[in-house]
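Here is the structure we will look at, set down as structure tokens.
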Amino acid sequence: MKKSVFINGIGAVTTQGIWRSEFFSEARVLDHAINAAEQPAYKGFISPGAIRRMSRGIKMSMYAAQQALGESFVTIPDAIITGTGLGCSEDSDKFLRSLWENDEQFLTPTSFIQSTHNTVAAQIALQLSCKGYNVTHVNGASSFESALLDTLMLLQTGEEEHVLLGGVDEIAEQTYSFLQAGGYIKTGSVRETVKTSVSPGVNYAEGAHFFSMSAGRVASSYAEIIDVKLQNELEGSQMRSFLQDFLTTKDLHPEDIDAVILGYNGDENDDLFYDALWQELPLATPLYYKHLSGQYDSCSAFGLMVAAFVLKQQTVPSILYWNEKIPPNTTWKNILIYNQYKGKDHSLVVVRAC
Amino acid sequence: MTDRGVAVTGMGIISAIGETVEENLWSLLAGKHGLSRIANFPTRLREQIWVGEQKKTNDELSASLGLSERNAFTRTALLGAYAARQALESANMQGAHDLRTGFISSTSVGGMDYTERYGPTYLTSPEWHRYIPSHPAGDSSHKIAEYLGIKGLVTTVSTACSSAANAIMMGARLIRSRRLDRVIVGGTDALSKFTINGFHTLMILADAPCQPFDMHRKGLNLGEGAAYLVLESEEIVQRQGKKVLAYLTGYGNANDAFHQTASSENGEGAFLAMQKALAVAQLTPQAIDYVNAHGTATPNNDLSEGRAMQRIFKSNVPPFSSTKPFTGHTLAAAGAIEAVYSILALQQDMVPPNLHFDTPMEELDMIPETAVRHRSLSHVLSNSFGFGGNCSSLIFSKA
């Protein structure tokens, strides 16, 4: 018998600030090419030495992890599972630059040590003295969903009770300048939003989002995760079977989905896929979030925060509606999240009110 | 699901000691190591370090894979595709498109080898821009999956030097939870200036061939390579009447939670990982006939791992060896390369030697096997530990 899996706590450091009850009502639409996360004060939370040494990705994650655990009253989780597309790019960039500038001489180990993709999960384990299962998934746009899949397997089988699940990516100057040069990110002077976008590339950003996941419902529970599905590649024509196969295994029909959270990011080649999925769910209310989060590999974790918020509050903040016309729907039971990037790393997640 | 575990029905490998499973086996039996000076790219450290480098160049690997000249495969992807192709062939995977097939790869360096080569030109010339999207770790998995024609659940693990062990574990759990029927699992990592210099700054690279578990060990040698296993559910194996190479019966993952790069003195993470793997396999420590140790030959790892082994096995430490003197430490690929060696040990009833061992460590009461030893093996435990305290153990059992 599979156990049910619940989101019992959330923590985040994003372009919209930290996770809080006014998170969506105070949100503003991003229009810059590069959007840094609004950093909280780390003083008193992380030692001054560590604040200097640690990259933003690590600090944001430590903060978000603590918020999520605190909200769910979990002190030490049984496992820590993270997803990140680019890992610790700030330290990676730093080490690479000094390698180039000094021709393999006078290098120091700190940035190399902190450059591995698993640094965030490791630093949290160290901070919490958590000796349990610890894995980092690194697969582009489905990095976070891979971590979610791992989490579901641990909790559904009853192997573990509490899992700290996170998705994090940080912006680092060299990495994004390369992505800009390649046309993946909008150029510096462009001021466009997801809706007004006409130039190629995306509004790039960063963020850390953590979820305290458990095999039991508690007072702080936001929602239940029904399941996740990953698919590396997909043709537009396969969208129907991709969705139907997944819903069928969950005993769901398209009309059971009350809202669909789509990853529209303003890049027209990406957005075609979201249009195609939406067509398969004519009764579902389309929501979007990348106008608030920006695009980065683990940004779909922001989408899960949207689903969790809507299901718990039973209300949709108006800024999340993709259509101006607000539907008459008043109860929200099943929400589907769909994400992909450049036609790769497709993921579907069904989240249910609990 | 029976208690026999998950079946391994295919494997493929490329390392410094061979481009096929057979060549790797031959080198292990002959005690022929693959360490040399680095030749595939220039580095200031060339004369200071020994590496387990695979001598096929990128052009040779591309040609062998039949890729177009303007491909954007990094060396990590090339090595991975080369090994994964063999794994599929050995599992006789043609047809059977009705099976839910996945691919779980792992890497630590990803496309860094090309970023470090062409990055300085990216902002001034578009010539090498096709390698910009090849940088992220997940890109190598995409390239390999596309090359193999796998569409479905494709993802990537990165937990430093224990990456491949965790990819193998993830695959086994996907089969056990009935989410997949079949999955190709493993890891790939290419040598790069980035990692060579990184380990150099940590002062853990030996200036001579490494000596795991030796009192006078001076550090590790880096290596490169890739290896993949094909895992299938017992149900599919029976339905297809497939030959099983071995069973993956146990796996465990724990975190040392001690230090970002150093292992704890009593090897807590390693101890917990081995303990969990034994519990999953439902085996007592006495049932393990051979341990393929992580054994990097750094002063810290071998002491910590040795202590953890003594805590698990008490005074009955089974025959053990580190095969890193053959291949160098292949980082994210190590867990997969050593999984192949563990399966070869079971198939051949053979314990591969721990080369260059001379003086026992005074802190430990255990001595590795120094020559090939033929004895009947039923269960082999393989350890992989990484930066960030990531410790993983796998148990393979005779088919």
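The values are calculated or read from the model by the stated rules, or taken from the named source; none is laboratory data. Predicted model only: the values in this text are computed from it and were never measured. When we count neighbours, we look across all protein chains shown, and the Cβ atoms used for this are built from the backbone with ideal geometry, even at glycine. Only protein heavy atoms, including side chains, enter the accessible area calculation; ligands, DNA and RNA are left aside. Shrake-Rupley method; radii C 1.70, N 1.55, O 1.52, S 1.80 Å.
Descriptive notes on the structure:
- Some residue of the range B:348-359 being open to solvent by 10 Å² or more (accessible area, probe 1.4 Å) and within 14 Å of chain A (Cβ to nearest Cβ): no
- Among the numbered conditions (1) outside any loop (DSSP other than H, G, I, E, B); (2) surrounded by fewer than 17 Cβ atoms within 10 Å (Cβ to Cβ), the only one that B:Tyr118 does not meet is (2).
- Taking the range B:230-288 as the range and being charged (D, E, K, R) and either in the same structural domain as B:Asn316 (by TED's automatic domain parsing) or open to solvent by 30 Å² or more (accessible area, probe 1.4 Å) (or both) as the test, the residues that pass are B:Glu235, B:Arg239, B:Lys242, B:Lys243, B:Asp256, B:Glu265, B:Glu268, B:Lys276.
- Close contacts from the range B:197-212, counting a first residue that is within 23 Å of B:Asn354 (Cβ to Cβ) and a second that is among the polar types (S, T, N, Q) and in a helix (DSSP H, G or I), with Cβ to Cβ under 9 Å and a gap of 6+ residues or different chains, come to B:Ile204/B:Asn300; B:Ile204/B:Asn301; B:Leu205/B:Gln48; B:Asp207/B:Gln48; B:Pro212/B:Asn301.
- Subset tally (residues that are of a type outside the set (Asp, Glu) and away from chain A (no Cβ under 14 Å)) for the range B:220-273: 25
- For A:Thr151: the one exception among (1) assigned to a helix (DSSP H, G or I); (2) of a type in the set (Val, Ile, Thr); (3) out of contact with any strand residue (DSSP E or B) (no Cβ under 7 Å at 6 or more places or on another chain): (3)
- In the range B:131-153, residue farthest from B:Arg179 (Cα to Cα) [restricted to those that are part of a helix (DSSP H, G or I), at the interface with another protein chain (Cβ under 9 Å from one of its Cβ atoms) and open to solvent by 20 Å² or more (accessible area, probe 1.4 Å)]: B:Pro133
- Within the range A:119-149, the set of residues being more than 7 Å from every other protein chain (Cβ to nearest Cβ) and either under 16 Å from B:Leu174 (Cα atoms) or among the basic types (Lys, Arg) (or both) comprises A:Glu145, A:Ala147, A:Leu148, A:Leu149.
- Test: residue in the range A:94-107 that is more than 7 Å from chain B (Cβ to nearest Cβ), open to solvent by less than 10 Å² (accessible area, probe 1.4 Å) and more than 16 Å from B:Ile104 (Cβ to Cβ): no
- Inside the range A:1-30, residues that are in contact with a helix residue (DSSP H, G or I) (Cβ under 9 Å, 6 or more places away or on another chain), closer than 20 Å to A:Gln295 by Cα and surrounded by fewer than 18 Cβ atoms within 10 Å (Cβ to Cβ) make up a count of 2.
- Sole exception among (1) open to solvent by 10 Å² or more (accessible area, probe 1.4 Å); (2) within 30 Å of A:Pro77 (Cβ to Cβ); (3) within 11 Å of chain B (Cβ to nearest Cβ); (4) not hydroxyl-bearing (Ser, Thr, Tyr) for A:Leu152, by number: (1)
- Members of the range B:1-54 found to be modelled with pLDDT under 95 and open to solvent by 20 Å² or more (accessible area, probe 1.4 Å), listed by number: B:Met1, B:Thr2, B:Asp3, B:Arg4
- Residues in the range A:228-268 that are within 25 Å of B:His142 (Cβ to Cβ), surrounded by fewer than 20 Cβ atoms within 10 Å (Cβ to Cβ) and charged (D, E, K, R): A:Glu233, A:Glu235, A:Arg240, A:Asp245, A:Glu268.
- Restricting attention to the range B:86-114 and to residues that are charged (D, E, K, R) and out of contact with any helix residue (DSSP H, G or I) (no Cβ under 7 Å at 6 or more places or on another chain), the residue that is surrounded by the fewest Cβ atoms within 10 Å (Cβ to Cβ) turns out to be B:Asp98.
- Filter result (of a type in the set (Asp, Glu) and within 19 Å of B:Ala160 (Cα to Cα)) within the range A:124-165: A:Asp150
- Residue check, B:Thr156 facing chain A (nearest Cβ under 9 Å), more than 18 Å from B:Ser233 (Cα to Cα) and part of a strand (DSSP E or B): yes
- Among the residues of the range B:30-76, those identified as part of a loop (DSSP other than H, G, I, E, B) and polar (S, T, N, Q) are B:Asn40, B:Thr43, B:Gln54, B:Thr57, B:Ser68, B:Asn71, B:Thr74.
- Yes/no for A:Ala284 being within 29 Å of A:Leu155 (Cβ to Cβ), surrounded by fewer than 22 Cβ atoms within 10 Å (Cβ to Cβ) and of a type in the set (A, V, I, L, M): no
- Failed condition for A:Thr116, given (1) crowded, with 24+ Cβ neighbours inside 10 Å; (2) touching a residue at least 40 places away in the same chain (Cβ under 8 Å); (3) at the interface with another protein chain (Cβ under 7 Å from one of its Cβ atoms): (2)
- The number of residues in the range B:202-229 being open to solvent by less than 10 Å² (accessible area, probe 1.4 Å) and assigned to a loop (DSSP other than H, G, I, E, B) comes to 7.
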